Amino acid sequence: LVMHFHGNAELIDHGGGVAEFYAARGFATLLVEYRGYGRSGGSPSERAIVADATAFHDLMAARPDIDPARIVLHGRSLGSGVAAQLAARRPPAALILESPFTSIASMAAGYGAPAFIVRSPFRTDRVLPTLACPVLILLSPDDEIIPASHGRRLHAATPGSTLVELTGGHNDPSVGQGAFVAAVEGLLARVIPSPSPPR
């Protein structure tokens, strides 16, 4: 199973391409929605979103058709922070971070806002060095929303992580890029060598 966590200006409705990508490689995909997004009620916060993500994970891990040792977490943009926090609570087979940030506090500072006003810091930079699972970091030097320097700092702070550079802006599709396909397929083949055939 791949649990996919989307970005801030997105909904699960936009995740069809990601689900198709993983389905073609024999993986089920759970598109995780956040509180206050799409058709979900409530108000989003780091604590609430991570609690929901953990509950989704545990529901999936309890299913007879899901191997809990073969759950991969894939987070994009805001979702990279969610996936990293979940990985700290429920160690995955692998963690894929696409357009990641070191922390929301650091992002805010880049826009001239003081870090102390950030209520949901999503400190990915503190989580990654503590993880034992394989970590793949995907970034683009052309990203106009989250500077590539964030992903490079995460890579430098995470021994054994893999860094792959893509092309295009923050909201340009990445799933069809050759570098994306090669990196993700390589990671999946390494950590989960024999997934079930596509249905």
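The values are calculated or read from the model by the stated rules, or taken from the named source; none is laboratory data. Keep in mind the model is a prediction, meaning the values are calculated, not measured. Backbone-built Cβ (ideal geometry, glycine too); neighbour counts: all protein chains shown. SASA here: full protein model, heavy atoms, side chains in, ligands and nucleic acids out. Shrake-Rupley method; radii C 1.70, N 1.55, O 1.52, S 1.80 Å.
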Next item on the list: For the range 70-76, just list the computed ³J(HN,Hα) in residue order, Karplus coefficients 6.51, -1.76 and 1.60, θ = phi - 60°, integers in Hz, with x standing in for Gly and Pro.
Entry: 10, 9, 10, 10, 10, x, 10
Next item on the list: Using only the alpha carbons of the chain, determine the length spanned along each of the three principal axes and report them from longest to shortest in whole angstroms.
Entry: 49, 36, 31
Next item on the list: Express the carbon and sulfur contribution to the solvent-accessible surface of the chain as a percent, rounded to the nearest whole number, probe 1.4 angstrom.
Entry: 56 percent
Notebook entry, point to check: Taking only protein heavy atoms and a 1.4 Å probe, what accessible area per residue, in Å², does the range 124-199 have with all protein chains in place?
Noted result: 52 Å²
Checklist line | Given charges at Cβ of Lys, Arg, Asp, Glu: the chain dipole, positive-most of 12, 146, 73 | finding: 73
Item checked: Cα-based Rg / Dmax (Å) for the range 1-103 -> 12.6, 36
Check: How high is the relative contact order of the chain, given as a whole-number percent (alpha carbon pairs under 8 Å, six or more residues apart)?
Finding: 19 percent
